[in-house]
Every structure is written in C-alpha cells, then in structure tokens.
Amino acid sequence: MSRVSHWSPMHATVHQALRSRQLLHRGQAVLIAVSGGQDSLCLLKIMQDLQPRWGWHLGVVHCDHQWRSDSGANAQFVRDWVVQGSRREDAGTQDSEPLTMHLCQAESAPGSEAAARAWRYDCFGQLAMEYGYGAVVTGHTASDRAETLLYNLMRGCGGDGLGALQWSRPLGDLPVAIVRPLLALERQDTANFCQDFRLPVWEDSTNSDRRYQRNRIRLELLPYLKAQFNPQVIRHLAQTAELWQGDVAYLEEQARQSRLSLQQQNGLHRQGLNQLPLALQRRVIRQFLQEHLPQAPSFDQVEKVLGLLKAGQGSQTDPFPGGTIALVQGDWIRLQQPDALSDAPSDALPDAP
C-alpha cells in the first residue's frame, strides 16, 4: 500500500478552521486529549502534522476512568503510540517535536457520565496550570454536536443546550481554552482518515453499550433519521447548533446588561423587567437566580418568578433549593428566606433602579 501524503483534505480543513476562527496561536503550548478512539487519533495525527507550521509545543493526556477491565491496557496503548510516534515514518515531518505524555488515572470509577466529565476536565485544568498549556484540544466532531443537540432537546434543556459543543470556550475560570478543531468533520470522516493513514484504533466496548442514551442516539436514532428523512441530517443538525450558539451568546450578553441595570442587592425591578421582550425576561431571571441559588434554576422555577411580574403585593413562589423564595415587595421581586419575611421592611429597596 502506498504511503498517503501528510497533507490531506482533512489537514486543510482543520488548518483553515484554526486560522479563520483563531482557535489556537502560533507557538502555543497545546494539550491534546487522546482516548485512543478514531476521533482522538485523527486529531493527534493532524495536530502533529500541523505542528511545524504553527510551532506548537504539544502534549498528550489520556484519562483512565477505570470503568472497564481493559482500561489499563487502553492507557498503555495510547502511551506506546505517543512515545513511539517520533520514530514512526508516518508521524509527521522531521521538524516535529517529541510529544509530552501525561496519564491521569481515577482513584475509583466515576459514578456517572457527568461525574466522569467533571473529573476529566479537572485533570485538564490541573495539567494546563502545572505545565503551562494555554489550550486543551479534544476530538469532538459534527457527529458529536448533532448527538448532543438531540440529547439536550429530548431532555428539555432549552435553547442554550441546543448550541452546545462550541468551537472554543474557557475551561472554567482558568486562563485556558477548550478547543474542538474537528467540528467541521463527521465521524465517518475520521474513520476514513484513520484507515487511509493506517492508524490503529482502540475499540472502546462502552461505545456500543445501548444502555447509554447517547449510544442509542448514535447507533439507532441518527441512522434511522438519515435513512428515513435526510441523509445529511448530521450536517444540518450541526449547522443548527452553530447558528444557535451565536444567538445564545448575543442573548446572554443582552440579558446580562439588562440585569445589571435592573438588579439591586437581592431584587429585580419589576417595571423595568416588564418592558423587556419575553426572551430577555427569562434570561435575566435565570441569571439572577443562578447568582443567588446553590444550583442552576429549572425552567419551572424561572417561570414561577416570571409569573410575579404581574402578581399582587405579597405574592410569592414555592421555596427554591435551600429554602429561598421569591416574592413581590413594592416595585421589586426579591429573594428572601421565609423566616426573614416578618422582619423585612416594605421599603428595603428603592422604588427605581
């Protein structure tokens, strides 16, 4: 079999996305998350091949969740592939730097996918701060974006969930970016790439376990939608997520500015809030509740506060987590602990913002 050129159409696609979207900087220290699956091996190969053009200082991290009996072998597979990479003929150009390998191993298996994700991103943050990585790149594709949109839609996550999996976002409060350079590619593209470049893929048995909803979306729902409705459904769903992401960012900023003008202490000015469009009213209330409550508010909780805009004096909601309630007091919707109501004067807040 003849050796494939190091500059393929997928190299060009990723290179162009990095440039046009300004996802990474020249000379930046970049940490690549590699599971051993086809998407992450494709990402690793492309990043290593592009390294001489960008002057990156590359590191690799593999996270062993200890979910499977073969997780140790999986980790060793990734380690061997990375360590031996600089000696392989197909590892890139002679100007490529050796890769730094990091392995994170969980003390015990996380109890859920959400817990695993939180642990994994905590590992990314610790490594980034310790070794000076300015960005962590992951192998998420347009297929992941489509699956996430459907998953969030069926969970009732609202518009913000439909725009999930951004090209780049901050890693918590750290000066580190999570970057997803493969979002223009589908999973079939990365499979073809691995085959063309003869990359050995570690088959994760959990990816075929239909007990997980995300797997059923990938293995059952999306193939059905492609066969029965639209062969381009993945690309169109990913485009929808891209469009909605921009809308969400705009609406969130508009809501933030409105909230700052309407909020004083633990209250929102009712008349000013009433003058906003409904979409901004909901976002202002959600941002306000997020600032004061121990956990993110649900749709129903936001709607209960929204109902106070036209309610009579003294109207209040059911208790939120932690016991806090929202109530109408003068021109304000205030958050208050029930046992403090009898002590709160009616003019505790001014009449106008």
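The values are calculated or read from the model by the stated rules, or taken from the named source; none is laboratory data. Note that the coordinates shown come from a computational prediction; the quantities given were computed from them, not determined experimentally. Using ideal geometry, Cβ is built from the backbone for each residue, glycine included, and neighbour counts are taken over all protein chains shown. Ligands, DNA and RNA are excluded from the accessible area calculation, which covers all protein heavy atoms including side chains. Shrake-Rupley method; radii C 1.70, N 1.55, O 1.52, S 1.80 Å.
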* Structure fact -> Scanning the range 297-326 for residues that are under 28 Å from the mean Cα position of the chain (by Cα) and small (Gly, Ala, Ser), the one farthest from GLY156 (Cα to Cα) turns out to be GLY322
* Asked: Which of the residues spanning the range 10-21 are more than 21 Å from the chain's Cα centre (by Cα) and either open to solvent by less than 20 Å² (accessible area, probe 1.4 Å) or modelled with pLDDT under 95 (or both)?
  -> HIS11
* Return the only residue of LEU24, LEU58 being surrounded by 20 or more Cβ atoms within 10 Å (Cβ to Cβ), part of a loop (DSSP other than H, G, I, E, B) and either in contact with a Leu (Cβ under 7 Å, 6 or more places away or on another chain) or at pLDDT below 95 (or both). => LEU24
* Structure fact -> Flagged in the range 205-232 as in contact with an Asp or Glu (Cβ under 9 Å, 6 or more places away or on another chain) and not aliphatic (A, V, I, L, M), in numbering order, are SER205, ARG210, TYR212, ARG214, ASN215, ARG218
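Going through GLU253, GLU220 one at a time, which residue ends up being more than 30 Å from TRP332 (Cα to Cα) and among the charged types (D, E, K, R)? So that I can check it myself, show each step before the final result.
Numbers: GLU253 fails: more than 30 Å from TRP332 (Cα to Cα).
That would be GLU220, the only listed residue that is more than 30 Å from TRP332 (Cα to Cα) and among the charged types (D, E, K, R).
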* Filter the range 294-353 down to the residues that are in contact with a helix residue (DSSP H, G or I) (Cβ under 7 Å, 6 or more places away or on another chain) and either part of a helix (DSSP H, G or I) or modelled with pLDDT under 90 (or both), then identify the one that is surrounded by the most Cβ atoms within 10 Å (Cβ to Cβ). => VAL305
* Structure fact -> Across the range 186-240, the tally of residues that are surrounded by 13 or more Cβ atoms within 10 Å (Cβ to Cβ), in contact with a helix residue (DSSP H, G or I) (Cβ under 8 Å, 6 or more places away or on another chain) and among the acidic types (Asp, Glu) stands at 3
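Closer than 20 Å to TRP167 by Cα and modelled with pLDDT of 90 or more: is that true of THR100 in this structure?
Working: closer than 20 Å to TRP167 by Cα: no; modelled with pLDDT of 90 or more: yes.
The answer is no for THR100.
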* Asked: Counting just the residues of the range 138-166 that are open to solvent by 10 Å² or more (accessible area, probe 1.4 Å) and in contact with a His (Cβ under 9 Å, 6 or more places away or on another chain), which one comes out nearest to MET47 (Cα to Cα)?
  -> LEU165
* Look at ARG87 and say whether it is among the basic types (Lys, Arg), modelled with pLDDT of 95 or more, at negative phi and open to solvent by 40 Å² or more (accessible area, probe 1.4 Å). => no
